[in-house]
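The values are calculated or read from the model by the stated rules, or taken from the named source; none is laboratory data. Bear in mind that the values here come from a model prediction, so they are computed numbers and not experimental data. Heads up, the Cβs are rebuilt from the backbone with ideal geometry, glycines too, and the neighbour counts pull from every protein chain shown.
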Amino acid sequence: MDNRPIGVFDSGVGGLTVVSALLQNIPGETIYYVGDTARVPYGNKSQERIQQYSKEIVDWLIQKDCKMIIIACNTASSLAIDYLKSKFPLPIIGVIDPGVDKALSVTKSQTIGIIGTHATIQSDSYGNRLKSINPKIKILNKACPLFVPLVEEGLVEGEIPNLIVESYLSDFKNKDVDTVILGCTHYPILRKPIKYILGEGINLVDSGEATAEVVLESLNEHKILSDSLGGKLHFFVTDSIKSFKKTIIKSFSPSIGIIAGPIKRIDLH
């Protein structure tokens, strides 16, 4: 047993969708969550820059004695996970593989849509992984760069997100797509407008939920599962505490089952 914390990071608030799933699957674990709000979004940045940011965050989390790192960001999972694994010896888990496995298990039409940031879509991490498992799978990719700012601003329901979702995802209609991978941890927060546009019958794959199952397996495998009856959740941001708190109160409090605080600001430089 190991009661040290698990480190989780994302470019902003989106990674809390992963935290929500972790709290439901492994409630005894203490979690240190870093939202790199000073440098959000990651999706329009170079691989070198994303690797730099990710390493700075992991260095900080290791200083806090974290026993495992979860990259709760699809962009960083796509472009930095191999780099981070080469630098650090502790278990590091991304969100790509769990999401792929889940999508393949639920699709019936064998046609899968993938939505994400420009960086995630250009890396084709999901597509390559899907094709490596099932070469016959049909894939439609779409970068949706405005989704992250919508979530960070708390605009997750109503006319504005509906119009933006429609503008991005209208191509998925009438293409036999029955499953869409939400290839950014911010995107599950837009589940309602996405289903409004694509229909209630669409399978939306939340990589956070699938990742939580993999995390539990890894904790058991490495024999580092906590024996605590109740873990604690600690928030750290690299920019405004006020805006982060406002967003998670609006988008997360009912579903994640947490109170937005305490939140601390950190400097990674």
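Worth a mention:
- Residue among LEU163, LEU169, LEU182 that is in the same structural domain as TYR126 (by TED's automatic domain parsing) and either modelled with pLDDT under 95 or under 30 Å from ILE69 (Cβ atoms) (or both): LEU182
- Within this structure, PHE147 passes the test of being in contact (Cβ under 8 Å) with a residue 40 or more places away in the chain and within 18 Å of the chain's Cα centre (by Cα).
- Subset of region 73-85 (residues that are more than 13 Å from the chain's Cα centre (by Cα) and either touching a residue at least 40 places away in the same chain (Cβ under 8 Å) or part of a helix (DSSP H, G or I) (or both)): LEU79, ILE81, ASP82, TYR83, LEU84, LYS85
- Restricting attention to region 91-121, the residues that are at pLDDT 95 or above, farther than 28 Å from LEU219 by Cα and surrounded by fewer than 23 Cβ atoms within 10 Å (Cβ to Cβ) total 5.
- The number of residues in region 210-254 being surrounded by 13 or more Cβ atoms within 10 Å (Cβ to Cβ), among the small types (Gly, Ala, Ser), within 18 Å of the chain's Cα centre (by Cα) and modelled with pLDDT under 85 comes to 1.
- For PHE88: the one exception among (1) of a type in the set (A, V, I, L, M, F, W, C); (2) in contact (Cβ under 8 Å) with a residue 24 or more places away in the chain; (3) crowded, with 17+ Cβ neighbours inside 10 Å: (3)
- Hey, LYS55 over 25 Å from LYS195 (Cβ atoms), over 18 Å from the mean Cα position of the chain (by Cα) and surrounded by fewer than 22 Cβ atoms within 10 Å (Cβ to Cβ) or not: no
- Scanning region 24-36 for residues that are farther than 19 Å from GLN51 by Cβ and part of a loop (DSSP other than H, G, I, E, B) gives ILE26, PRO27, GLY28, GLU29, THR30.
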